[in-house]
Amino acid sequence: MKPAVRQTRSHLMDLFARHGFHPRTDFGQNFLIDLNLVDFLAREARLGSDDVVLEIGTGTGSLTGQLAAFAAAVITVEVDHRMVGLAGEVIDDLDNVTLLHRDALKNKNHFAPELLELIAERLAGQPGRRLKLVANLPYSIATPVVSNLVATDIDWERIVVTIQWELAERMTAGPGTRDYGALSVWLQSQCHVKTLRKLPPAVFWPRPKVQSAIVRLVPDPGGRRRIIDRVFFLDFLRRGFHQRRKHFRGVLAGMYRKQISKADVDSAMAETGIPEKARAEQIEVAGLVELANRLYQRVNSSQDEKQGV
């Protein structure tokens, strides 16, 4: 096995100069060049011989090689054909690495089927295997990647990723704050979310114009079990926070006007202990989960009655 390439600024500048191209900002190609932070990212993943690692944004393959040294299998995804060529120089002889040259997402709400199939195949390779997402995520796809993994039925165990600082603030925000929204509630209802490090632009090459962060998410199985229907809950959050400055009662009455009455909405809110004039951004995670559950039950009961069940 080749020794892992240490991705310093000078190494990257020489590498790109030799190949005659530059990083693409539209693909979010900002490479982590602080070697201590690269090590920290890999270390926080707590990899073992039962782990299947998903990396999105292979880049030059520097982190990929470190992950492969400890995991059972690494699935790394890269959309830029130029990066696929560069990464190949590092990982071609690593027999536990599979490099996919494609977009990881089918659309903003779903992973590519090919990727999901490969994850399922690697997890089934041995009993007890578990999935971890470890990556220096391109800013433009960080939200859907994390949100969609939580939305799947995959029994994932850990997420450790670099993202934009503003996104980290949204993930960890509490009720009544500017950043609290659908993403905050969706993740916190099912995960323990923590910001581990704030990263200045200088630790990347090329330097982004914003601050970044390393965040860690681990599943909260109890929280997930409290959600009766996660598809309904995600839709409830996305539409409910779309008009975040309006009273939530009115927003919900409009959302479900074809399925249930305003009186149903009022009773669900009253049973949950949510004031009539509350806005979505003022309601705690547990309250939103309970309210969504009650509305789900009312919507289903109403549909059953209409169908004569």
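Rounded to the nearest 500 deg cm²/dmol, what is the calculated helix-only ellipticity per residue at 222 nm for the chain, with -39500 (n - 2.57) per DSSP H run of length n ≥ 4? Walk me through the intermediate numbers first.
Values: 13 runs with 132 residues, N = 309.
For the chain, the value works out to -12500 deg cm²/dmol.
Report, by chain and number, residues whose modeled amide H sits under 5 Å from the one on Phe111, excluding near sequence neighbours (fewer than 5 apart, same chain).
Distant-sequence amide H within range of Phe111: Lys106.
What is the spin-label model distance, in nm, from Asn36 to Arg18 if the labels are put 7 Å beyond Cα along the C-beta direction?
2.8
Provide the gained length on full extension for the span Asn300 to Lys194, in nm with one decimal, where the gain is 0.36 nm per separating residue minus the Cα-Cα distance.
Details: separation 106, 0.36 × 106 = 38.16 nm, distance 3.54 nm.
Result: 34.6 nm gained on full extension.
Using a cut-off of 19 Å between alpha-carbon atoms, which lysines can reach Lys277, once sequence neighbours fewer than 8 places away in the same chain are excluded?
Lys246, Lys262
By how many degrees, between 0 and 90 and to the nearest 10, does the Cα long axis of helix 230-240 differ from the longest principal axis of the chain?
Helix 230-240 sits at roughly 80 degrees to that axis.
If I stretch the segment between Lys277 and Arg225 completely, what's the gain in nm (0.36 nm per residue apart, minus their alpha carbon distance), one decimal? Could you put the intermediate results ahead of the total?
Numbers: separation 52, 0.36 × 52 = 18.72 nm, distance 2.88 nm.
In short, 15.8 nm is gained.
Using Cα-Cα distances under 8 Å and only pairs 6 or more residues apart, what relative contact order does the stretch 230-306 have, in percent? Walk me through the numbers on the way to the answer.
Numbers: 66 pairs, mean separation 28.4, N = 77.
Once normalised by length, the contact order is 37 percent.
Where in the stretch 235-250 does the amide nitrogen come within less than 17 Å of the point 7 Å from the Cα of Lys262, taken along Cα to Cβ?
Residues 246-250 qualify, since their backbone N sits under 17 Å from the label point.
Take the chain, compute every pairwise Cα distance, and split them into 10 Å bins from 0; I just need the percent in each bin.
In order of increasing distance, the bins hold 6, 26, 30, 20, 13, 5, 1, 0 percent.
Residues with amide H under 5 Å of Phe31's amide H, sequence separation 5 or more or different chain, H placed in the peptide plane at 1.01 Å from N; which?
Trp205
Output ³J(HN,Hα) for the stretch 154-168: one whole-Hz value per residue in order, computed from phi by the Karplus curve 6.51 cos²θ - 1.76 cosθ + 1.60 with θ = phi - 60°, and x for Gly and Pro.
Ordered by residue, 3J(HN,Hα) equals 5, 7, 6, 10, 7, 10, 9, 9, 8, 9, 5, 4, 4, 5, 4 Hz.
Taking other Cβ within 10 Å of each residue's Cβ, how do Asp34, Asp266 sort, fewest first?
On the way: Asp34 18, Asp266 14.
Sorted ascending by nearby Cβ count, the order is Asp266, Asp34.
No lab work stands behind these numbers, since they all come straight from the coordinates. It should be emphasised that the depicted structure is a prediction, and the values quoted were computed from it without experimental measurement. With ideal geometry, Cβ positions are generated from the backbone for all residues, glycine too; neighbour counts draw on all protein chains shown.
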